[in-house]
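> Dumping the structure here so I can ask a few things about it.
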Amino acid sequence: MDFIKRFFSSKPKAYDNIKQEGSPSDIEHKTIDERFVYQFIQKGGHFFYPDDMDDFKSELLKLLKFLKADKYLVLERAYCHFMNKLEIPVTSDFNESNVMLGGCEYLIADDGAIMTTAAHTKTYRNTELPQTRVIIALSNQITTSKTQALVEINNKYDKPPANIQTISIFAKPKDDLLGGRWYDTYLFLIEN
């Protein structure tokens, strides 16, 4: 994760540097974390790499203030507890919020996608949940491909979880003729 520290040590300019650094042809020469960040940002995702837990809390509170939701949809118990400690209003009813906050299973480097399971989205499909997502992930959740992520899920659980989904479009397409679903996604990647 050293490359991320290099890029984000000078916070504002770092985002632009990652967006423009390299070309798609030299993406295979990047490390797994570089590939994920490159692909995620190229697809319109918003990336945060906090220095420590205090920085994470501070940046999260700024982001939530920017998103201006009355309540935040949280389907995972650990995140409900965390948000309550920060005195941020949460709900478990997806009809009450236009912003969802939660975790994920894996971050897919090859295509900059985010994989979730029923542990994060319950029985809801991505299309049923809010379009704006705030995802919190750890650096060891980055994996090379969807296939590798599925292998890891198989090894991690006695019984594979239900509702395995990925999201990989993070900005409204310029030409949305097929009615594709995109998700305004803010990812906090925490070093573990």
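The values are calculated or read from the model by the stated rules, or taken from the named source; none is laboratory data. The model shown is predicted, which means the values in this text are computed figures rather than measured ones. Using ideal geometry, Cβ is built from the backbone for each residue, glycine included, and neighbour counts are taken over all protein chains shown.
> Residues that are within 26 Å of Thr147 (Cα to Cα): list the helices (runs of 4 or more DSSP H) wholly contained in the range 49-134 that include at least 2 such residues.
Per the criteria, 118-121.
> Shifting gears a bit: Can you find even one residue in the range 175-184 that is in contact with a strand residue (DSSP E or B) (Cβ under 8 Å, 6 or more places away or on another chain), closer than 21 Å to Leu61 by Cα and at pLDDT 95 or above?
No - not one qualifying residue is present in the range 175-184.
> Residue by residue through the range 142-163, note down the ones that are closer than 27 Å to Lys30 by Cα and either in contact with a Leu (Cβ under 9 Å, 6 or more places away or on another chain) or assigned to a loop (DSSP other than H, G, I, E, B) (or both).
Ile142, Thr143, Thr144, Ser145, Ala149
> Oh, and also: Can you name the residue in the range 138-157 that is loosely packed, with under 14 Cβ neighbours inside 10 Å and over 16 Å from the mean Cα position of the chain (by Cα) and is also farthest from Asp33 (Cα to Cα) among such residues? Break it down stepwise before answering.
Our first condition is that a residue be loosely packed, with under 14 Cβ neighbours inside 10 Å; within the range 138-157, this holds for 140, 147, 151, 154-157.
From the residues that got through so far, the ones that are over 16 Å from the mean Cα position of the chain (by Cα) too are 147, 151, 154-157.
Values: Thr147: 17, Val151: 19, Asn154: 22, Asn155: 22, Lys156: 21, Tyr157: 24 Å.
The qualifying residue farthest from Asp33 (Cα to Cα) is Tyr157.
> Moving to a separate point now. Among the residues of the range 126-145, is any out of contact with any His (no Cβ under 8 Å at 6 or more places or on another chain), over 26 Å from Met53 (Cα atoms) and free of Cβ contacts under 8 Å to residues at least 40 places away in the same chain?
For the range 126-145, residues out of contact with any His (no Cβ under 8 Å at 6 or more places or on another chain), over 26 Å from Met53 (Cα atoms) and free of Cβ contacts under 8 Å to residues at least 40 places away in the same chain: present.
> Counting only residues that are over 27 Å from Thr123 (Cβ atoms) and free of Cβ contacts under 8 Å to residues at least 60 places away in the same chain, how many does the range 54-83 have?
9
> Does the range 103-137 hold any residues that are on the phi > 0 side of the Ramachandran plot and within 13 Å of the chain's Cα centre (by Cα), and which are they?
Listed by number, the list holds a single entry, Gly112.
> Also, quick follow-up: Does the range 114-128 contain at least one residue that is surrounded by fewer than 16 Cβ atoms within 10 Å (Cβ to Cβ), more than 20 Å from Lys43 (Cβ to Cβ) and of a type in the set (Ser, Thr, Tyr)?
Within the range 114-128, one or more residues are surrounded by fewer than 16 Cβ atoms within 10 Å (Cβ to Cβ), more than 20 Å from Lys43 (Cβ to Cβ) and of a type in the set (Ser, Thr, Tyr).
> Does Thr147 fit the bill of being in contact with a Ser or Thr (Cβ under 8 Å, 6 or more places away or on another chain) and of a type in the set (S, T, N, Q)?
no
> What number of residues within the range 49-66 are surrounded by fewer than 16 Cβ atoms within 10 Å (Cβ to Cβ) and not aliphatic (A, V, I, L, M)?
The qualifying residues number 9.
> Against the definition (acidic (Asp, Glu) and at positive phi), how does Glu87 come out, yes or no? Lay out the reasoning, then the answer.
Values: acidic (Asp, Glu): yes; at positive phi: yes.
It is true that Glu87 is acidic (Asp, Glu) and at positive phi.
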